[in-house]
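Written below as structure tokens is the structure these notes are about.
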Amino acid sequence: MDLDALFELVRLKSGRCSIRCRTHNETMHIGTDPCTEAAELHVRPQRIAERAREAAGSGTPFVVWDVGLGPAGNAIATLETLRTVEAPVEIHSFEIDTRVLEFALRHAQALGYLAGWEEPVRALLARGEARPLPHVLWRLHRGDYLGQIPSAPPPAAIFHDPYSPARNPAMWNTDVFRAARERVGEGRCLLTNYTRSTAVRVTLALSGWWVGYGAATGEKEQTTVAASVPELLKRPLDGAWLRRVRASTNAAPQRGGAYARGPIGEADFAALCALPQFAQTCRLMGEVPSSTE
Ligand SMILES: C[S@@+](CC[C@H](N)C(=O)[O-])C[C@H]1O[C@@H](n2cnc3c(N)ncnc32)[C@H](O)[C@@H]1O
């Protein structure tokens, strides 16, 4: 299908350009613009520059997973940050359909952020690998993310950026988050994403992640950050959030590929309360179900 039938350039409130996917009816980076959102939501909260420098002494590269490469806003923002960081980094981008990146390349001038990075982007598309900076290896994993997870090295940072849970539910379920958590293993990893959905946070927690309040970006006061170890979280979800889980009409964890909304069930709430992150708070709130006592 013609690229223009799939995507269109749109002007955001900020005056900058972004891309709308006609089939998903979603505009990317709608709050600000591709690079501002990438910096506010992923690169800065993940402390990419500092953590890559810290990792340099370990002898292994700092590994970033860029889930949903799309038009590469997050990847390019990461590269811009890494220009002055002399530490080995690998960016592993996952994408099921690279046509949006081809569309972005065609409109590199209007989009702005791709300027100067066209050659590595072309190499990535052509060969699945590029070296955009001497110390950075950029690899593309084509196909469905879940199936590609085993072929990428364990990450220290995950930018989880597919389309929304309502339009892209298979990317927000327990299978996906659990598989990523298992790949991290004993490592220290942060996962950032743009949603503040109670259901997504419940899904992350029940998939083995510690979950916290994420940075504000654009018109969003809050997003979500998850970590493989609690000490990486600045603001872990707390009792106020657990009360919200109880009251919400959309707190059931996402399982499977069909988008399902609903309140959390008793068994899932008990499982949440049994997690180390919430066990004490649940007890203080008198929320420990008899089955787990
Ligand atoms: C919102 S866009 C990503 C924007 C991009 N991260 C950026 O910074 O410019 C979402 C991307 O996720 C991709 N995607 C959706 N489902 C996927 C899947 N199952 N596996 C891999 N990529 C997927 C879409 O094709 C789309 O390009």
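Site pair R99 and R53 shows an inter-label distance of 4.3 nm when each label is modelled 7 Å from Cα along Cα→Cβ.
Along its principal axes, region 1-50 has C-alpha extents of 42, 23, 13 angstrom, given from the largest down.
Taking only the alpha carbons of region 1-155, we obtain Rg and Dmax values of 15.2, 48 Å in that order. Sites listed here are GluC sites (Glu not before Pro) in region 37-88 whose DSSP assignment is loop and whose Cβ has at most 13 other Cβ atoms within 10 Å: E86. Label sites at E186 and R127, each approximated as a point 7 angstrom past Cα along Cα to Cβ, lie 3.6 nm apart.
For the chain, modelled as a GNM whose springs connect Cα atoms under 10 angstrom apart, the maximal fluctuation among A72, A260, A87 occurs at A260.
Legend: calculated FRET efficiency, R283 to Q109, from the Cβ-Cβ distance at R0 = 35 Å, rounded to 0.05, equals 0.05. Computed from backbone phi, the HN-Hα couplings of region 158-164 come to 10, 9, 9, 9, x, 5, 5 Hz, rounded to whole numbers (Karplus: 6.51 cos²θ - 1.76 cosθ + 1.60, θ = phi - 60°; Gly and Pro given as x). Sequence-ordered 3J(HN,Hα) estimates for region 13-26 from the Karplus curve with 6.51, -1.76 and 1.60 and θ = phi - 60° stand at 4, 5, x, 7, 9, 9, 10, 10, 8, 5, 6, 8, 6, 10 Hz, glycine and proline given as x. Can you grab the distance from the C-alpha centre of region 1-32 to the C-alpha centre of region 74-122, Å, no decimals? Cα centroid to Cα centroid, the span is 17 Å. Less than 5 angstrom separates the built amide H of T217 from those of Q222, all sequence-distant by 5 or more or on a different chain.
Just so you know, the Cα atoms of region 2-84 work out to an Rg and Dmax of 15.2, 48 Å.
A cut-off of 5 Å between modelled amide H atoms, ignoring neighbours fewer than 5 places along the same chain, links S207 with no other residue.
Loop-located GluC sites (Glu not before Pro) in region 156-249 (DSSP state not H, G, I, E or B) with no more than 15 neighbouring Cβ atoms inside 10 Å: E186, E219, E221.
Could you tell me the center-to-center distance, by alpha carbons, between region 161-234 and region 247-290 in angstrom? If you average the Cα positions of each part, the centres end up 16 Å apart.
Scanning residues 5 or more positions from W65 or on other chains, those with amide H under 5 Å from its amide H are H92, A156, A157, I158, F159, with H placed 1.01 Å from N in the peptide plane. Percent of Cα pairs in the chain per distance bin of 10 Å, from zero to the largest separation: 6, 28, 35, 21, 8, 1, 0. Let me check I've understood the local charge: for Q254, count other residues with C-beta under 14 angstrom from its C-beta, Lys and Arg +1, Asp and Glu -1. What total comes out? Spelling it out: positives minus negatives among the neighbours equals +3. The gain in end-to-end length when the R11 to V229 segment is fully stretched comes to 74.5 nm, 0.36 nm per residue minus the alpha carbon separation. Spacing of the modelled spin labels on Y259 and D144, each 7 Å from Cα toward Cβ, amounts to 1.9 nm.
Relative contact order of the chain, taken over Cα pairs closer than 8 Å and 6 or more residues apart, is 14 percent. Once the gyration tensor of the Cα atoms in region 148-293 is diagonalised, the equivalent ellipsoid follows with semi-axes of 23, 17, 16 Å, ordered largest first. In the chain, helical runs assigned H by DSSP with n ≥ 4 each contribute -39500 (n - 2.57); averaged across all residues and rounded to the nearest 500, the mean residue ellipticity at 222 nm is -8500 deg cm²/dmol. Loop-located trypsin sites (Lys or Arg not before Pro) in region 47-77 (DSSP state not H, G, I, E or B) with no more than 12 neighbouring Cβ atoms inside 10 Å do not occur.
FYI, it's all coordinate maths here, none of it is from the lab. No experiment lies behind these values; they were computed from the predicted model shown. Cβ sites come from the backbone with ideal geometry, for glycine too, and all protein chains shown count toward neighbours.
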